[in-house]
Amino acid sequence: MTTTTTERQTSGDSARTRVHPFARMLSGVVAAGVVLGVGEILSLLFSSASSPFFAVGSTTVDRTPAFAREFAIDTFGTNDKAALFVGMSIGIAIIAAIAGLLERPSRPIGSVILLVLGAVGVYAVLQRPTSSLSDVVPTVVGVVVGIAVLQALTRALEVPAGTVDGFMPRRKFLVLFGAAAAVAVAAGTVGRYLGDRVAGVADDIKNFRLPTVAAGEKAAAVPAGTDIGVEGATTFVTPNNTFYRIDTALQVPQLTTAEWQLKIHGKVDREMTLSWDDLMARTPIERVITLTCVSNEVGGPLAGNATWIGFPIKDILDEVGVQADADMLLSTSIDGMTIGSPVEALTDGRDAMLAVSMNGEPLPVEHGYPVRQVVPGLYGFVSATKWVVDWELTRFDEATAYWTDRGWGDKAPIKTASRIDVPAAFAPVAPGPVRVAGTAWAQQRGIERVEVRVDNGPWQEATLAEQYTIDTWRQWFWDWDATAGNHNIQVRATDQDGNTQVEERTPPIPGGSTGWHTRTIIVS
Ligand SMILES: Nc1nc2c(c(=O)[nH]1)N[C@H]1C(S)=C(S)[C@@H](COP(=O)(O)O)O[C@H]1N2
Ligand SMILES: [Mo]
């Protein structure tokens, strides 16, 4: 490059005039937009793994080291996907702008940069666990078209010296630019829209019929006393639309009940493949179970409680005959997520199930439609496989799963946890009586006691809401006579085995955080 704002160069036989670098950068950006737009619309003809943008995003997610995942979930919470999309878009735009800046008719450096980006896209597509070789076609065609666009725009910018002011883009450039931008936006939007529609499961969900649960297997009615009724405190049942969502799926898998199958193989006496009808012919149960994510920092929000209808996993395992040396169920989702669960936890009598309904509705697509696992007492990453389609009975010393390959623990029972919900962080509090409230959980053991203390004073016992079962969280409150000033409120819970949460702070990785949730409250 000569200068940043103007340049003069000779190309071929005629002298060329100055071109505004901003026009060059825009050319690069719009060319990259064409690559992604064309890639997106062509991906309709191939599998969902063939979209270059999502393939790069998903492969980035898979390559993300454990500490960075913790950071992302910590910083962006359940908006981590949106943050990734924004970050990727900015990154691609910057590279594309540089490509545009460097491209010349006689020296196609920008084209080479787009080619390299395309190679990254092809690599990312091939890295997807569910992709096949033909899935690279949308990326390859997108890159070819994108390079053609960049070269055409660059040529349109090169004007023989003296004919026009180089700072005024030429008509031909403007027309080409407008057309390319329109193609990029239209192809991307239509591709996205149709992608959700064509493979969509909206009709399937509309026709979904909940299994009928026999009276003896229905969940007990939720007693009024399970909710403490403090404004802002966690409700006992979490509505589906506010239930936390954690997964690596940048495109939510769209799997119809007709397409769904569960293939069961490995260390079993009888291999079996369950169809949707096979599953629905089994005896369903309905249970209320609290799901929690291992990625919660102390006091974190990644937990929810729902009424699930599903089919006991133990019954199915009994039918296929798990061989004596198998101690792990390696489950795989339609998008290639693998999760290893101890066979023991699935067969010891707890309500481990293949769930098909959440709070009286079909599973929302984000929560695993049509079939997911729910296992009380185990963190989601070792138990709660959404969109599950494959079960392999194997051994912990023979197989690993997605998160255990990334530094997380292989067996992860849920640790006893408690958190303060009210007063909310930074909420104004006036001196006088204040009801401090929150929730606590210790699935499979149950909450025995919750204690609160102010400014390292003596621990005081909170009032517990009624316990629904040992598999659900338990709400609590404690009445405080707040005095003016800054105060630290801390909470700790004791489970029904008699174990109290420890003070020592450890991070979520590898098996769940420890420590006491502390909130600073400014009373004035
Ligand atoms: N297919 C699939 N299933 C998955 C995951 C995933 O990334 N992919 N994440 C797991 C994790 S880490 C958790 S905590 C739970 C979260 O379930 P939810 O999103 O329904 O709350 O799903 C589990 N099941
Ligand atoms: Mo999780």
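The values are calculated or read from the model by the stated rules, or taken from the named source; none is laboratory data. Since the structure is predicted, the reported quantities are computational estimates derived from the model, not experimental observations. In this analysis, Cβ positions are derived from the backbone assuming ideal geometry, glycine residues included, and neighbour counts consider all displayed protein chains. Accessible surface is based on the protein model in full, side chains and every heavy atom, while ligands, DNA and RNA are left aside. Shrake-Rupley method; radii C 1.70, N 1.55, O 1.52, S 1.80 Å.
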Of the conditions (1) more than 13 Å from ligand 1 (Cβ to nearest atom); (2) part of a loop (DSSP other than H, G, I, E, B), Lys386 fails just one. Which one is it? (1)
Determine the pairs where a residue that is of a type in the set (Gly, Ala, Ser) and away from ligand 2 (no atom under 14 Å from the Cβ), located within segment 393-407, has a partner that is part of a strand (DSSP E or B) and open to solvent by less than 50 Å² (accessible area, probe 1.4 Å) with Cβ atoms under 8 Å apart, the partner being 6 or more residues away or on another chain. Ala399/Met328; Ala399/Leu330; Ala399/Gly340
For Gly166, only one of the following conditions fails: (1) closer than 20 Å to Ser106 by Cβ; (2) open to solvent by 60 Å² or more (accessible area, probe 1.4 Å); (3) at pLDDT below 90. What is its number? (2)
For the subset of segment 333-383 comprising residues that are in contact with an Asp or Glu (Cβ under 9 Å, 6 or more places away or on another chain) and acidic (Asp, Glu), which member is nearest to ligand 2 (Cβ to nearest atom)? Glu366
If we scan segment 293-305, do we find a residue that is of a type in the set (Ser, Thr, Tyr) and within 16 Å of ligand 1 (Cβ to nearest atom)? yes
Could you please find all residues in segment 246-290 being without any contact (Cβ under 8 Å) to a residue 40 or more places away in the chain, of a type in the set (S, T, N, Q) and either touching a Phe, Trp or Tyr at 6+ places or on another chain (Cβ under 9 Å) or in a loop (DSSP other than H, G, I, E, B) (or both)? Ser275
Taking interchain pairs and intrachain pairs at least six residues apart, which have beta carbon atoms under 8 angstrom, with the first residue in segment 67-84 and within 18 Å of Gly299 (Cα to Cα) and the second assigned to a helix (DSSP H, G or I) and of a type in the set (A, V, I, L, M, F, W, C)? Ala72/Ala83; Ala72/Leu84; Thr75/Ala83; Phe76/Ala82; Phe76/Ala83
Looking at segment 409-429, is at least one residue touching a residue at least 40 places away in the same chain (Cβ under 8 Å), within 16 Å of ligand 2 (Cβ to nearest atom) and open to solvent by less than 10 Å² (accessible area, probe 1.4 Å)? yes
Matching residues in segment 446-464 - criterion: being touching a Ser or Thr at 6+ places or on another chain (Cβ under 7 Å) and more than 11 Å from Trp478 (Cα to Cα): Glu448, Arg449
Considering segment 187-203, residues that are out of contact with any helix residue (DSSP H, G or I) (no Cβ under 7 Å at 6 or more places or on another chain) and among the small types (Gly, Ala, Ser), and then whichever is nearest to Pro52 (Cα to Cα), we arrive at Gly200
Counted residues in segment 385-403 being open to solvent by 10 Å² or more (accessible area, probe 1.4 Å) and under 17 Å from the mean Cα position of the chain (by Cα) come to 3
Residues to consider are Val294, Val320, Val298; find the one that is within 16 Å of ligand 2 (Cβ to nearest atom) and in contact with a His (Cβ under 9 Å, 6 or more places away or on another chain). Val298
Gly191: farther than 22 Å from Pro105 by Cβ, modelled with pLDDT of 95 or more, assigned to a helix (DSSP H, G or I) and not hydrophobic (A, V, I, L, M, F, W, C), yes or no? no
Quick check on segment 10-25. Is at least one of its residues of a type in the set (A, V, I, L, M, F, W, C), in contact with a Leu (Cβ under 9 Å, 6 or more places away or on another chain) and modelled with pLDDT of 95 or more? yes
